[in-house]
Amino acid sequence: METTRKRVLPRGTRAVTSDAPVATKCPRCKESIMTVIKRHTGGKNIAATAAVAAAGVAVNAPATLLPLALAVLDLGSLKRKAHHCPYCDYRMGKHVTITIPRD
């Protein structure tokens with residue numbers, strides 16, 4: 001069984017997570033950067049495509065319409081987002097944690 005370790009933040013700071021690009025320092029190339037958000041096809045896209053295709057089969061849709069189910073694979077709202085370094089393309093993760101000194 002895996003145990004989850006909590007990260008300990010430096011005293012006097014708070015953590016912020018963001019789905020938007022953030023300014024940080026890349027752990028690999030050590031450059032000060034603004035992260036780039038890249039989207040990748042994930043399980044939600046595949047499950048939605050399978051559901052649309054199954055619904056098409058269930059209602060006996062013409063075979064020419066079934067390839068339209070593949071359009072669901074391209075929906076950006078269902079894709080996984082990850083922060084990347086624009087210089088070395090290092091994947092920093094789904095959410096980047098930034099420590100900000102408390103005021």
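The values are calculated or read from the model by the stated rules, or taken from the named source; none is laboratory data. Keep in mind it's a predicted model, so treat the numbers as computed, not measured. Cβ: placed from backbone, ideal geometry, glycine included. Neighbour counts: every protein chain shown. Surface accessibility is based on the protein's heavy atoms, side chains included, excluding ligands, DNA and RNA. Shrake-Rupley method; radii C 1.70, N 1.55, O 1.52, S 1.80 Å.
Filter the stretch 25-48 down to the residues that are surrounded by 14 or more Cβ atoms within 10 Å (Cβ to Cβ) and without any contact (Cβ under 8 Å) to a residue 40 or more places away in the chain, then identify the one that is farthest from Arg80 (Cα to Cα). It comes out as Ala48. With the requirement that a residue be free of Cβ contacts under 8 Å to residues at least 40 places away in the same chain and within 30 Å of Glu31 (Cβ to Cβ), what does the stretch 49-85 give you? Selection gives Gly76 alone. Taking the criterion of being modelled with pLDDT of 85 or more, hydrophobic (A, V, I, L, M, F, W, C) and under 18 Å from Leu75 (Cα atoms), the residues of the stretch 8-47 that qualify are Ile37, Ala47.
Can you say whether Arg5 is in a strand (DSSP E or B), modelled with pLDDT under 85, open to solvent by 90 Å² or more (accessible area, probe 1.4 Å) and not aromatic (Phe, Trp, Tyr), as far as the supplied structure shows? Give the steps one after another, and end with the answer.
Values: in a strand (DSSP E or B): no; modelled with pLDDT under 85: yes; open to solvent by 90 Å² or more (accessible area, probe 1.4 Å): yes; not aromatic (Phe, Trp, Tyr): yes.
No, not satisfied.
Screening the candidates Ala69, Ala20, Ala58 for the property of being among the small types (Gly, Ala, Ser) and open to solvent by 70 Å² or more (accessible area, probe 1.4 Å) yields one hit, Ala58.
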